Amino acid sequence: MTILSPTSTAVLYLVAAICFILALKGLSSPKTARRGNLIGAAGALIGVVTVFLSMKLDNIPWILAAIAVGSAIAAPVARRVQMTQMPQLVALFNGVGGGAAALVALLELSHTDDPWVRLAVVFTLLVGAISFSGSLVTFAKLQELMTTRPIVFPGLPVIMAAALLAAVGASVAVIMTGNGWLAVLLLVFGLLTGVLLVLPVGGADVPIVISLLNAFTGLAVAASGLVLGNVLLVVAGTLVGASGTILTRAMASAMGRSVTGILFGAFKGGSTAGSTVASDRPVRSSSAEDVAVLLGYAQKVVIVPGYGLAVAQGQHTIAELQSELESRGIQVVFAIHPVAGRMPGHMNVLLAEANVPYESLKEMSEVNPEFKTADVALVVGANDVVNPAAKTSPGSPIYGMPILEVEQAPQVVFLKRSMRPGFAGIENELLFEPQTTLLFGDAKESLGKVLAAVKAL
C-alpha cells in the first residue's frame, strides 16, 4: 500500500520538474543564482520524497543509511571547498552521478526481457561509465594529482578505437542475451574509454571536458529513467544533458576551438598545454607605490580578474580597491572573459562573494571597446585570455580564441606571481610591450600594498 495515488505522484513529479526548469533559469544570472540553486534543491527534495511515498520500497533502513552516509560526506566537503577548487568538486559530483546511473542500470538488467529496455540499459552503462572514469581523470588533472599536460603515447588512438568497438560489440551482445557478465564487461570497456578519452586533454581544455562529461551524465540519467520507468529522471537528465551540451559549445566557442579539436587536438599537437618554463626575457617591473600612482590619478580603470586572483583569495581586497578608487571619482569596471578562471561564471561568483556590484561586471563583447578609453588596464592573475597571440600567431594553440583586448589600453599593469606562462603554456607578448609594467608577488598581498599606497596618496 502506498501513500500517494498515481495522480498525486504525477502532479508532484510535475512540480519537481518545474522547479528544475526554474532553477536553470535562475542559474543563468549571478543575481538570481542563489535563488535558482535553492529552487533546484527543493525540486530534488520533492522528487526523493515522492519516490518514498509512491512506491513500496524494500530495505528502507539500508536506503536511509546510504543517504545519511552520503550526506555526512558531501555536506562538509561542499562547505569547505575553496572557490578555486569548485571545478574539481563539479567533476566529482558529475562522476558520481554517471557512476550511480550505470550501477542502477546494471542491477535492473536482470529484471527485464524487453530488448528496448535493454537498449536503454546498455546506453546508461556505457555513457555512465565513461562519465565516471573520465570525470575522475579531470579531477586528478585539475587537483594536480597528475600532470595537467596531455598524455599521449604511441598507439593511443588505436587502443581508444578498439575499446569503443569492443564496447559496441558488448552492447549488442547484452541487448540480445541479457547476460549480466557481458554487462559487467561493457562497464569495464566504458571505464577504459572514459580514461582514454580524457588523458590526451590538457591545460585550459580540461574544464570544457568536465562540461561535456556533465552532459554525458545527464544523458545517462535520462536513459536510467527509461529503465526505471521514472518520468522525473527522464526530465531531469534531459535538462542536464541539454544544458551541459549548450555550456560545452559556449566554452569551446569562447576558446575559439571545436569540441573535436579539444578532445583529439593533442594527437596533432593542438592541445592548449604547452611549456611550463618561466621566461627569462627582460620586462619592465614596478613597485606597488608606482602602480598606486597610475591608478590613483586615472579617470577610468578596467580590472581583468583571472585564476590567479582566485588562487590568492584576493577578491575582497580588489573589491576594497574598487571602492577606494570610486570614492575618488574614478570609474572602475571589471572585464570578465567567458572562461576566466576554470569554469564559466567562476569570476562572477568570486567577485559576487566580495559584494562587487553586478553592474560593474562586464562581459567580453561589452567591455572590449572600453579598453581604448581606459587610462589603465589592471590584469590580476589572468594570462591566456588577454594574450594577443590568439589574434596574431596562427601557429599558437590559442589562435582564434576571442580575448579581452587589453593591449589597446594606454597603460597595462600585470599582477603576476612569476613569469611562468598560463594554461596554454605560451609566452604573452603583451608582457614585453612598452606600455606594460609588472608587479610580482601573490595577488592578494600585491593588491593589499597597492590599496595602502592609494589610500596614502
Completion exercise
Scanning the stretch 96-113 for residues that are assigned to a loop (DSSP other than H, G, I, E, B) and touching a helix residue (DSSP H, G or I) at 6+ places or on another chain (Cβ under 9 Å) gives Thr112
Problem - In the stretch 113-157, the residues that are of a type outside the set (D, E, K, R), closer than 21 Å to Val172 by Cα and without any contact (Cβ under 8 Å) to a residue 12 or more places away in the chain - result: Trp116
Problem - Condition met for Val168 (among the β-branched types (Val, Ile, Thr), in a helix (DSSP H, G or I) and without any contact (Cβ under 8 Å) to a residue 12 or more places away in the chain) - result: yes
Practice task
Scan the stretch 336-378 residue by residue and report those that are in contact with a Pro (Cβ under 8 Å, 6 or more places away or on another chain) and part of a strand (DSSP E or B).
Solution key: Ile336, Leu361, Glu363, Val376
Completion exercise
Checked the stretch 240-260 for anything surrounded by 19 or more Cβ atoms within 10 Å (Cβ to Cβ) and either under 13 Å from the mean Cα position of the chain (by Cα) or not in a loop (DSSP other than H, G, I, E, B) (or both); matches are Val240, Gly241, Gly244, Leu247, Thr248, Met251, Ala252, Ala254
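Which residue, of Ala215, Ala223, is buried (at least 22 other Cβ atoms within 10 Å of the Cβ), at pLDDT 90 or above and more than 19 Å from Ala91 (Cβ to Cβ)?
Every option except Ala223 fails the conditions.
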Fill in the blank from the handout: Counted residues in the stretch 72-103 being at pLDDT 90 or above and either surrounded by fewer than 20 Cβ atoms within 10 Å (Cβ to Cβ) or outside the structural domain of Ile130 (by TED's automatic domain parsing) (or both) come to 4
Problem - Output for the stretch 277-335, where each listed residue is in contact with a Lys or Arg (Cβ under 9 Å, 6 or more places away or on another chain) and on the phi > 0 side of the Ramachandran plot - result: Gln313
Exercise for the section: Mind listing whichever residues of the stretch 314-333 are out of contact with any helix residue (DSSP H, G or I) (no Cβ under 6 Å at 6 or more places or on another chain) and either outside any helix (DSSP H, G or I) or without any contact (Cβ under 8 Å) to a residue 24 or more places away in the chain (or both)? Expected result: Ser323, Glu326, Ser327, Arg328, Gly329, Ile330, Gln331
Exercise for the section: Mind listing whichever residues of the stretch 133-165 are outside any loop (DSSP other than H, G, I, E, B) and hydroxyl-bearing (Ser, Thr, Tyr)? Expected result: Ser133, Ser135, Thr138
Exercise for the section: Considering only residues that are aliphatic (A, V, I, L, M), touching a residue at least 60 places away in the same chain (Cβ under 8 Å) and assigned to a helix (DSSP H, G or I), look in the stretch 379-398 and name the one that is surrounded by the fewest Cβ atoms within 10 Å (Cβ to Cβ). Expected result: Ala390
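Tally time: how many residues in the stretch 19-42 are part of a helix (DSSP H, G or I) and in contact (Cβ under 8 Å) with a residue 60 or more places away in the chain?
Final tally of qualifying residues: 4.
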Practice task
Return the residue satisfying two criteria in turn: it lies in the stretch 27-71 and is surrounded by fewer than 11 Cβ atoms within 10 Å (Cβ to Cβ) and small (Gly, Ala, Ser), and of such residues it is farthest from Gly244 (Cα to Cα).
Solution key: Ala68
Completion exercise
Every listed condition ((1) over 30 Å from Arg420 (Cβ atoms); (2) buried (at least 24 other Cβ atoms within 10 Å of the Cβ); (3) β-branched (Val, Ile, Thr)) holds for Val201 save (1)
Exercise for the section: Looking only at the stretch 402-422, decide whether some residue is farther than 22 Å from Ser323 by Cβ, of a type in the set (Asp, Glu), buried (at least 23 other Cβ atoms within 10 Å of the Cβ) and touching a residue at least 24 places away in the same chain (Cβ under 8 Å). Expected result: no
Handout entry: Residue that is nearest to Pro305 (Cα to Cα) [pool: residues in the stretch 80-95 that are hydrophobic (A, V, I, L, M, F, W, C) and part of a helix (DSSP H, G or I)]
Key = Met83
Handout entry: Hey, Leu109 touching a residue at least 60 places away in the same chain (Cβ under 8 Å) and among the hydrophobic types (A, V, I, L, M, F, W, C) or not
Key = yes
Practice task
Looking only at the stretch 196-208, decide whether some residue is farther than 30 Å from Tyr399 by Cα and without any contact (Cβ under 8 Å) to a residue 60 or more places away in the chain.
Solution key: no
Exercise for the section: Kindly establish whether Ala242 is under 19 Å from Ala23 (Cβ atoms) and hydrophobic (A, V, I, L, M, F, W, C). Expected result: yes
Practice task
Determine whether the stretch 161-182 contains at least one residue that is within 15 Å of Leu263 (Cα to Cα), of a type outside the set (D, E, K, R), under 31 Å from the mean Cα position of the chain (by Cα) and loosely packed, with under 14 Cβ neighbours inside 10 Å.
Solution key: yes
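The values are calculated or read from the model by the stated rules, or taken from the named source; none is laboratory data. Quantities reported herein were computed from a predicted structural model and do not represent experimental measurements. Note that each Cβ is placed from the backbone with ideal geometry, even for glycine, and that neighbours are counted across all protein chains shown.
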